[in-house]
Every structure is written in C-alpha cells, then in structure tokens.
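J.: My questions all concern the structure below.
The values are calculated or read from the model by the stated rules, or taken from the named source; none is laboratory data. Keep in mind that what you see is a predicted model, and the values were worked out from it rather than measured. FYI the Cβ positions are ideal-geometry reconstructions off the backbone, even for glycines, and counts take in every protein chain you see. Protein only, heavy atoms only, side chains kept; ligands, DNA and RNA dropped before computing areas. Shrake-Rupley method; radii C 1.70, N 1.55, O 1.52, S 1.80 Å.
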Amino acid sequence: MLGVEPPETIGGHQQTHFDGISMRYSFDSAPLPSARQTQFYSMLGSRSIWHQGWKAVTTHPTISGWSNFGKDTWELYHTDVDRAELHDLAAEEPDRLRDLINLWYAEAGANGAFPLDDRGALELITTPRPVLSPARNRYVYYPGVADVPESQAVSIRNRSYSIAAVADISTPGAQGVLFAHGSRFGGHTLYVKDNRLHYVYSFVGSLEQKIVADEELPTGEDLILSAAFEKDGEDPPGVSVGTLSLFHGDVKVGGGRIKTQPGKFSLAGDGLCVGRDSSDPVTQDYPGHAPWFFTGGTIKRVAVDVSGDPYVDLEREAVAMMSRE
C-alpha cells in the first residue's frame, strides 16, 4: 500500500518471502471474489488444505504422541457449496482428493512444516530447548532493556533463590517495580509501595502470596533491597515450600511462608523485566499506573542467585561487585 519494496537481504542475510495475498485490490471496489487460491494449515499433527473452493482435511489426534501420519484418513469437502463441511466427498472424488493431498505436501515443504510434531503436552513442556547462554548460578539484569523471555531467563523452579536490587534513593517517596518475572497467572515481583519493600509470588494465578517489610525503606546510595527464598521441603512433591525473607542490606525486615510453582510462569510472553512490569502484571497491588515504572530513585542492576548459598554470600558478592566497578 505504501509502495515499499522489501529488501532481499538485511545485514547480508537472505530474507524469507512474504506469504499471503495483498488485500489492496478490495479497498476501492465493490465486493469481489477472493484473490486467494490456496490456504495451507498444519497444527499439532492435524492438517488441511483449501484450494479453489475445495478442502481436504485430516483430523489427526493432536498432542497425542500417536504419530502414524501416513495412516490418517483424509476427508474432502466442496466448501463453495458446503460451507459447513457436512458432505464428505472423498469416496466420490478420489483423484481430486489425491491432488489436494499432494498440494498439501508441497505447501508444507514451502512453509517449513516438517517434521510433523504431535508430541504429548508433557513431552513438549519438559523437552529442553536451545538457549543463547549456558545455565549458571548468578544472573545480573539491568533496567531500560527489553524483557528477557522466560526461556532465556533465570529459572527459580523448585530451588532456593535470592533477588537483590542495587539502587540509589536520595529521599523518601520512591515507589514502583524493582523486578518482575511472569504474570498474574504465575510469577513473582519485588516492588516498593508506601515506602516499604514488597514481594508477591502468584502461584499459578490461584494464590497471591504477599510479604511486606516491617520497616520503611532507607535512603542512600548503593542500597541493596532483596528477597530470599529458602526451600525447606516440598508439599506436594514438586511444589517447593519455605521461607521468603526481605532484607535492607544484610538486615532482615520481613518474612513469611510461601510455596512456589513447579512449572514455567507462562507459555507465551510475560518475560523478566527490571524497573517495570510490562504486559500482564504479577499483582494488582502495584502503586501508580501501568507499566508501574520505578520512580524516586535509580536502579543500577538486579542480581538473581540460584546457587543455594545463604543470603549473606549474595550480599558480600554485591559489595565486591561494586568495589570492582
């Protein structure tokens, strides 16, 4: 519509083609027949192809781990006259069905649909996926950058962990999110409200567990504001239980019992961020308005430790880090 020609390469990398049919022809005209001739479909092993008013479809058992794609039964419908797909014409039009199935395979190859995948939900969730960086015990995140996807972020599942934000706060009145990971349907967050440090862990969206500091937030430079979870059991198996403690520096200022969920925080979106909680918030308790930026101070960094070491070690490491800088 804008007359922009897409480049064939960007940064020396060949670009994939734009799939689909432009809708521009329909903007200034009376109702017209669709310019689209073919529509390919594949999801979780179930497949179909529509071409010039005819549709071939096979309803494969999805996320079943059944495989056996070659044994699927294909149905054929003339959707121009049978929009509800009530009359299967596969037995009456075997040649047309065979041509559509062949077209499906051609479109599948062109659209990168192979290999077909109907693995079960448990296998899909538990199969390790490639990540850009190796697993480690200490992660450091900074404000003002894009959200870190959960697949690339620190994993706190079924383990002890500590979260420490290093910040400068010159006067009372700071508020907002220091650290957030996940959403209301599963996630945790460290934030400041009413001049006190808060921590919320949302257990799969069904239980919001909130810990509030007993003391008001201090002021000064290089303040270390943190939350540390010490796992001491599982109830039921896979669901970690333990004590979540809040700290100003090395001084404990609050605590309580929580449980943490065994699975990921989210299946899509809602990553890890510092200085705000973008997208769906972990809690509705935040002060202010979305995305609940941290104001009244400056966050330098947030460190997340999953080594299982006591909190005091994280404190000493943070001090050493500041000394090096």
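J.: Which GluC sites (Glu not before Pro) from region 42-148 combine a DSSP loop assignment with at most 16 other Cβ atoms within 10 Å?
T.: GLU85, GLU92
J.: For region 1-82, what % of the accessible area comes from carbon and sulfur atoms, probe 1.4 Å? Show your work: numbers first, answer last.
T.: Details: 3320 of 6070 Å².
Ligands and nucleic acids excluded, carbon and sulfur reach 55 percent.
J.: Using alpha-carbon positions, what is the distance between the centroids of region 152-166 and region 253-306, in Å?
T.: For region 152-166 versus region 253-306, the Cα centre distance is 11 Å.
J.: So if I place +1 on the C-beta of Lys and Arg and -1 on the C-beta of Asp and Glu, and nothing else carries charge, what would the dipole magnitude of the chain be about its Cα centre? I want it in debye, nearest 20.
T.: Working: 28 positive and 43 negative charges, 81 e Å.
I would put it at about 380 debye.
J.: Then there's this: Under 15 Å from the Cβ of VAL282, count the other residues' Cβ atoms, weight Lys and Arg +1, Asp and Glu -1, and hand me the total.
T.: On the way: positive: ARG184, LYS193, LYS210, LYS264, ARG276; negative: ASP147, GLU150, GLU208, ASP270, ASP277, ASP280, ASP285.
Taking every other residue near VAL282 into account, the sum is -2.
J.: Run the numbers for VAL81 and GLN52: contour at 0.36 nm per residue of separation, minus the present Cα-Cα distance, in nm. Before the final figure, lay out each step's value.
T.: On the way: separation 29, 0.36 × 29 = 10.44 nm, distance 1.21 nm.
Separation in residues times 0.36 nm, less the Cα-Cα distance, equals 9.2 nm.
J.: Calculate, for the chain, the solvent-accessible area per residue in square angstrom, rolling a 1.4 angstrom probe over the heavy atoms of the protein chains. Write out the running numbers ahead of the final one.
T.: Numbers: 18360 Å² over 325 residues.
It amounts to 57 Å² per residue over the chain.
J.: Quick one: compute the contact order of the chain, relative version, from alpha carbon pairs under 8 angstrom and 6+ residues apart, as a percent.
T.: 18 percent
J.: Moving on. Taking the Cα centre of the chain as the origin and placing charges on Cβ (Lys, Arg +1; Asp, Glu -1), which of SER202, CYS273, HIS248 is farthest toward the positive end of the dipole?
T.: Ranked along the dipole, the leading option is HIS248.
J.: Of the listed values (i) 23.9; (ii) 19.8; (iii) 22.3, identify the label whose number matches Kirkwood radius over Cα pairs in Å calculated from this model.
T.: Label of the calculated value: (i).
J.: Here's another thing I want to ask about it. For VAL204 and ILE63, what is the calculated FRET efficiency with R₀ set at 25 Å and r taken between the beta-carbons, to the nearest 0.05?
T.: Values: r = 20 Å, r/R0 = 0.80.
Approximately 0.80, to the nearest 0.05.
J.: Another question about this same structure. In terms of Cα to Cα distance under 30 Å, which lysines are near enough to LYS71, apart from those fewer than 8 places away along the same chain?
T.: LYS55
J.: Let me ask you something else. For each pair in LYS210/LYS231; LYS264/LYS300; LYS231/LYS252; LYS193/LYS264; LYS210/LYS259; LYS193/LYS300, compute the distance between the two Cα atoms and list the pairs where it is over 21 Å.
T.: LYS264/LYS300; LYS193/LYS264
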